[in-house]
There are 2 protein chains.
Amino acid sequence: MTEEKRHFLDYVFNPRSVAVVGATDKKESVNYYLVSNLVGLKYTGKIYPVHPRLKELLGLKVYPSVSSIEDEVDLVVISVGAGKTLDVVRDCVAKRVKAISITAGGFSEGGAEGKNIEREMLRLTGEAGIRVVGPNALSPINTANNLAVGFGPMKILARGNLGFIFQSGLYQTRINWLYSHFKLRMSKLIDLGNKMDIKEVDALEYLAQDDETKAIGIHMESIAGDARRFLKLLKQTTAQKPVVVLKSGRTEAGAKAASSHTGAIIKSGDIAFDTALKQGGAIRARDLEEFFDFTKVFNYLPPLKGNRLAISVFSGGEGVLAIDACQGAGLVPAELSPSVQHSLRKIFPPWESSYNPFDFNVSMQFHSFVESADGLYTALLDDPNVDCLVVQAWGFSPHEHEHAVKALTAFNKYKPVAAWIADPLSGKELGENLEAAGVPVFSSGERAVRALGALHKYYQIKNGR
Amino acid sequence: MTEEKRHFLDYVFNPRSVAVVGATDKKESVNYYLVSNLVGLKYTGKIYPVHPRLKELLGLKVYPSVSSIEDEVDLVVISVGAGKTLDVVRDCVAKRVKAISITAGGFSEGGAEGKNIEREMLRLTGEAGIRVVGPNALSPINTANNLAVGFGPMKILARGNLGFIFQSGLYQTRINWLYSHFKLRMSKLIDLGNKMDIKEVDALEYLAQDDETKAIGIHMESIAGDARRFLKLLKQTTAQKPVVVLKSGRTEAGAKAASSHTGAIIKSGDIAFDTALKQGGAIRARDLEEFFDFTKVFNYLPPLKGNRLAISVFSGGEGVLAIDACQGAGLVPAELSPSVQHSLRKIFPPWESSYNPFDFNVSMQFHSFVESADGLYTALLDDPNVDCLVVQAWGFSPHEHEHAVKALTAFNKYKPVAAWIADPLSGKELGENLEAAGVPVFSSGERAVRALGALHKYYQIKNGR
C-alpha cells in the first residue's frame, strides 16, 4: 500500500515503530506492561520507550522525549497524567508522528478542565494531520505483528479472524480469558475510550475492509458523531461480515455511569438504539458473556441456513432447558423423519426413539458409549430435517473422549455443532480438544442454543435482503 | 427420632443400609458408579450389592436378590430395565424394605405399557407402606452420611447448608461442577424423576423441617399432585428459608420435551406458574447458571437489608455493564455521602471521586494497589449510604492477592460482598481464596449483581409480610 492510500488507522494497527511515553521500570505500575508486553510478545516493529531519566529498559534504549528519537515514529502511546499529556502531544506534533494512542483518563469525562485539554489536543493534532485514539483508551492489538497495548501481562496473542471495537479497556482485564476461556482468536482490537477524534465509525470502516477480519464485535456506550453515517456503514458491513454489538448504558443509571466513564453524552433511548441496530443488520448481545458467546460462534462456525436443531444430552433435565432456550433464539427442535426415527431403535428403547432431546443416559443403559454415539450422530447427519446440533459432550474414558471429538468433528463438517460439557471439570480436556478441532464449546446448553440462534439470525438477515 | 415419628423421606436420606440392584463390576457401565461411589465416599451405613451371579464387588458380598439379604434393608436403589423392575419391587415388598429409589427410565414417560407398570408398582408399594422415589430418578445425596447415588464418578461431597430438589438427574452430570466450579456446599439432594409416588411437595416438606438445610433450590418441570398444597407449603417455607426455583418446560416445545422426559402432563401456562411462585415467596431463576448463582448467594451470604450497591472495578466498561444490571436486579447504585466522597480524594483524582463504579485502574495510576484498596474499601464500609459491594477482584502479585482477600473478607463481615475476577485465569487462585474466606465469586459482574439482587429480593419479601 502506498502512503497516500493508507487508511489512517493503518498507522495505529501497522506502525513501523511505537514510542511509549510513560514507560517505567517499576513492575508494580500498570505502565510497566506497556513496554514489557511489546518485548515479550515480540512486536515486529521498533520500540522506543520514553522517560525523562531512565537510560535503558528491558534491553531497549530509553529516550527523554518523543522528539529526541532519531528515527521516524509512526505511533506514540501516551500514558502520563492528563495534565502532562498536552505537552507530550505538542512534542509529537513537533516530531510529526503519524498517530497517537492516549491511555490516560481525566479528560472530557472529568469536567471542564479536562474538556478544554481535549479540545486543545484535537486542534493541535487536527492541524498537524495526526489522528488520535482515546484518550482513556487502551489500543491497539494486532495479532499479525504482535502489537499489543495493555495494563496487565499478556502471554499469548492467538491469531484469528475476529475484529473487536471496544469503548473501554475491558478487554485488557479479560485478555487471557478471551483466548484461554473463550478461545477467541482475533485479528485486531481497538479500544476507543473517549472518542475525541477516532470514533466507532472509523474503526468499523477500517475493519470492514480488513481482509484478516471476518467477523466484528463492537462494545459501545454511545454512538459518537454522525449516527446516520454509522448506521449506513453498519448496514453495508453486515452485508459482508457479521457484526455483534454489546451496548452498555442501557438503563438510566448505566447511561449516567457511562457518561462519567468516557465523557459521552448519551442521547438516544435504548429502544431507538435497538431498532437502529436491527435495521443495520447487527446482532445484539444482552450481556458480556453473551457478547463473547456470539462473537465466538462466528469465529468458529460456517453459515447456518436452517433453524431445525437437534439436541443430544447426558441429562434429560438439561435437555429440556436447552429446548426451552430455542424459542427466544429463533430455533425450533428438529422433528426427525420417520425412517431416521426408526433407525434410532437400534440404540434407544422404543419409548425414546422419537423425541428431541436425545438422552445418552438412556441409550447407555443398553449400549456402549461408542455404539450410542455412532448410532445417534449418523442418524442426525443423515436426516434432512436436522440443520444443526447442540451436544452435551461427555466421555468417561480417554478412548470415549477421543471418539466424541472424532465423531463431532466429522459432524461439524456438514452441519454446525455447538457443544457444552456435561462435567466441565472432568471434561476440561474434552472441551479443549473439541475447540482445537473447530467445535465451539459454551458453558451451558442454553448458551450453546442462543449462540447457534445468533448464527442463524445473521444469515437469515443477510440472505433476506 | 423414634421410628413412629420419622418422616418417610428420612429412610431415603438416612438409611442404615442400602441395597443396590443392578450393581455391576463392568466399569464401562454407568451402574458401576452406584456402588463404587458409596464405597469411595465412605457411606456410613451398610452396602448390599445385588446381582444374579456376582459373588463379590469392591470387597463387598454380593446377594442374588434383595430378599436374600440377611439384615434389614432400609433403602433399595433399583437400576435395572423397566421390564425387570416390577419383579424387583415385588421382592422388596416381600423383604419389607423401608424405601425404594428407582433410576431406570421407560415407565410413564414411555407410553401405555410403562404407565401400567408404574400403576402396579404404586399399588404394591402403597399396600406395603413403602415409599418410592422415581422412577427415572437419581436419588439421594446426603453429605452428612456420605450417601450418594450417581451414574458418574463422585470424588468429594462438600457438606453445607443447601438442599436441592431436582426433577432430573441433571445434577449428576454436574456433580463435580457444583462443588468445584460453583463451590456449592450442600446438605441433601433428591432427584424426583417421574414423581410416581414421592413429589416435590414431600421433598419440600422434608427439607423445610431439616435443620441442616438453610436454603432450598428446586428444579422442576411440573407441579405433581395438589398444586394448592405445594404453594401453601412454599409460602410457609419461604417465611423461614429462601427457596430458589428453576422451572423448565417454560415454552411449548420445552413443555413437550418435559412430558417426554418425565411423563408429566404440563397443564398450566408459564405465566400462571410465575405468579404462583411470586405469591409463594420463591425466587425464580431464568436459566441453569442463574439457578446455581442464586442458590450460591444464599449459600454464602447473610441477609441483605438495603439495595444500595457500590461497584468497584478494574475496567470502567465492565463497571457500566454491572450498573446496567442493577435495574433488573432491583438494586440501585449507591450515591456516597459528601464526606465519604471527599475522603476518596486521597486515592482518586478529583474527577473520579464522586461516581459509582469506582475504577481501580484510575486510582492505580497514582497510588499502589494496597493504598487504593484500603482507601476505597474503608470509605465504602464507613458510608451509611452503601448496603453491599460487588467487586471485580484482581491483584498482580501474591502480596496483592493476599491483601485483596483480607480486605474483602473483613468488608464481608459487615456488608455482603459478591465478587467476580478481572482475569479468571490468572485470578483462579484469588477466586478460590475468596470463596474459602466466605466471599462468593461469580463469572461476570452482571451475574454478581443479579445474585445480590436475588438475596435482597428474598429478604424484602420475607420482611414485607
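The values are calculated or read from the model by the stated rules, or taken from the named source; none is laboratory data. Just so it is clear, the structure is predicted and the values come from calculations on it, not from any experiment. Every residue, glycine among them, receives a Cβ derived from its backbone with ideal geometry; neighbour counts consider all protein chains shown. Note: areas computed on protein heavy atoms with side chains; ligands, DNA, RNA excluded. Shrake-Rupley method; radii C 1.70, N 1.55, O 1.52, S 1.80 Å.
Laid out as a table, the results:
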| item | result |
| --- | --- |
| Cα-based helix-to-principal-axis angle, A:398-412 vs chain A, degrees rounded to 10 | 80 degrees |
| Overall Cα dimensions of the stretch B:1-153 - principal axes, largest extent first, Å | 41, 40, 27 |
| Accessible surface, 1.4 Å probe, highest first, among residues B:HIS399, B:HIS367 | B:HIS399, B:HIS367 |
| Rg in Å to one decimal, and Dmax rounded to a whole Å, for the protein assembly as shown via C-alpha atoms | 29.7, 98 |
| With Cα atoms, 0 to 90° folded angle of helix A:112-128 axis to chain A main axis | 80 degrees |
| Area of A:SER65 that stays accessible when all protein chains are in place (1.4 Å probe, Å², to 10) | 30 Å² |
| Sparse-neighbour loop sites [chymotrypsin sites (Phe, Trp or Tyr not before Pro); the stretch A:401-431; at most 12 other C-beta within 10 Å; DSSP] | A:TYR414 |
| For a label point 7 Å along the Cα-to-beta-carbon line of B:LYS214, residues of the stretch B:295-336 with backbone N under 20 Å | B:295-306 |
| Distance (nanometres) between label positions extended 7 Å along Cα→Cβ at B:LYS413 and B:SER339 | 2.3 nm |
| Rounded, prolate or oblate (a/c below 1.5 giving rounded, otherwise prolate when a/b exceeds b/c) for the stretch B:1-80 by Cα gyration tensor | prolate |
| Surface per residue (accessible, 1.4 Å probe) for the stretch B:182-227, Å² | 24 Å² |
| Nm distances between copies for A:ASP374, ranked from closest, using label points 7 Å along Cα→Cβ | 6.7 |
| Residue-averaged [θ]222 nm for the protein assembly as shown, counting only DSSP H segments that reach four residues, each worth -39500 (n - 2.57) | -12500 deg cm²/dmol |
| Ascending list, in nanometres, of distances separating the B:GLY129 label from those of the other copies (7 Å, Cα toward Cβ) | 9.8 |
| Under DSSP loop assignment and at most 16 Cβ neighbours within 10 Å, longest GluC sites (Glu not before Pro)-free interval of chain A | A:73-334 |
| Relative contact order (%) - criterion: Cα under 8 Å, at least six apart; region: the stretch A:1-97 | 30 percent |
| Measure of compaction for chain B (Cα Rg per 2.2 N^0.38 Å) | 1.10 |
| 3J(HN,Hα) from dihedral phi, the stretch A:291-304, Karplus parametrisation 6.51/-1.76/1.60, rounded to Hz, x for glycine, proline | 4, 6, 4, 5, 5, 4, 5, 6, 5, 9, 10, x, x, 10 |
| Other-copy label distances relative to A:SER337, 7 angstrom Cα-Cβ extension, nm | 7.4 |
| Contact surface A-B: accessible area buried, both sides summed, square angstrom, 1.4 angstrom probe | 5700 Å² |
| B:GLU402/B:GLU371 FRET efficiency (R0 22 Å; Cβ-Cβ; nearest 0.05) | 0.90 |
| Carbon/sulfur fraction of accessible area - chain B, other protein chains in place, 1.4 Å, % | 52 percent |
| For B:LEU246, distant residues with modelled amide H under 5 Å away | B:ILE218, B:HIS219, B:MET220, B:ALA285 |
| Residue and distance (whole Å) for the chain B Cβ nearest the axis that superposes B on A | B:SER443, 4 |
| Translational D in µm²/s for the stretch B:182-251 (Stokes-Einstein at 25 °C, 0.890 mPa s, Kirkwood Rh from C-alpha pairs) | 192 µm²/s |
| Cβ-Cβ FRET estimate between A:GLU127 and B:LEU86, R0 fixed at 60 Å, reported to 0.05 | 0.10 |
| Kirkwood Rh (inverse of mean 1/r, distinct Cα pairs), the stretch A:200-337, angstrom | 16.9 Å |
| Cα long-axis angle, helix A:82-95 against chain A (0 to 90 degrees, to the nearest 10) | 80 degrees |
| Separation in nanometres of the label points that stand 7 Å from Cα toward Cβ, at A:ARG159 and A:ASP274 | 4.1 nm |
| Per residue convex hull volume, Cα atoms of the stretch A:294-446, in Å³ | 99 Å³ |
| Neighbour-limited loop hits for trypsin sites (Lys or Arg not before Pro), the stretch A:55-139 (at most 13 other Cβ within 10 Å; DSSP other than H, G, I, E, B) | A:LYS55, A:ARG96 |
| Efficiency of FRET from Cβ geometry, B:PHE8 and B:ASN116, R₀ 35 Å, rounded to 0.05 | 0.90 |
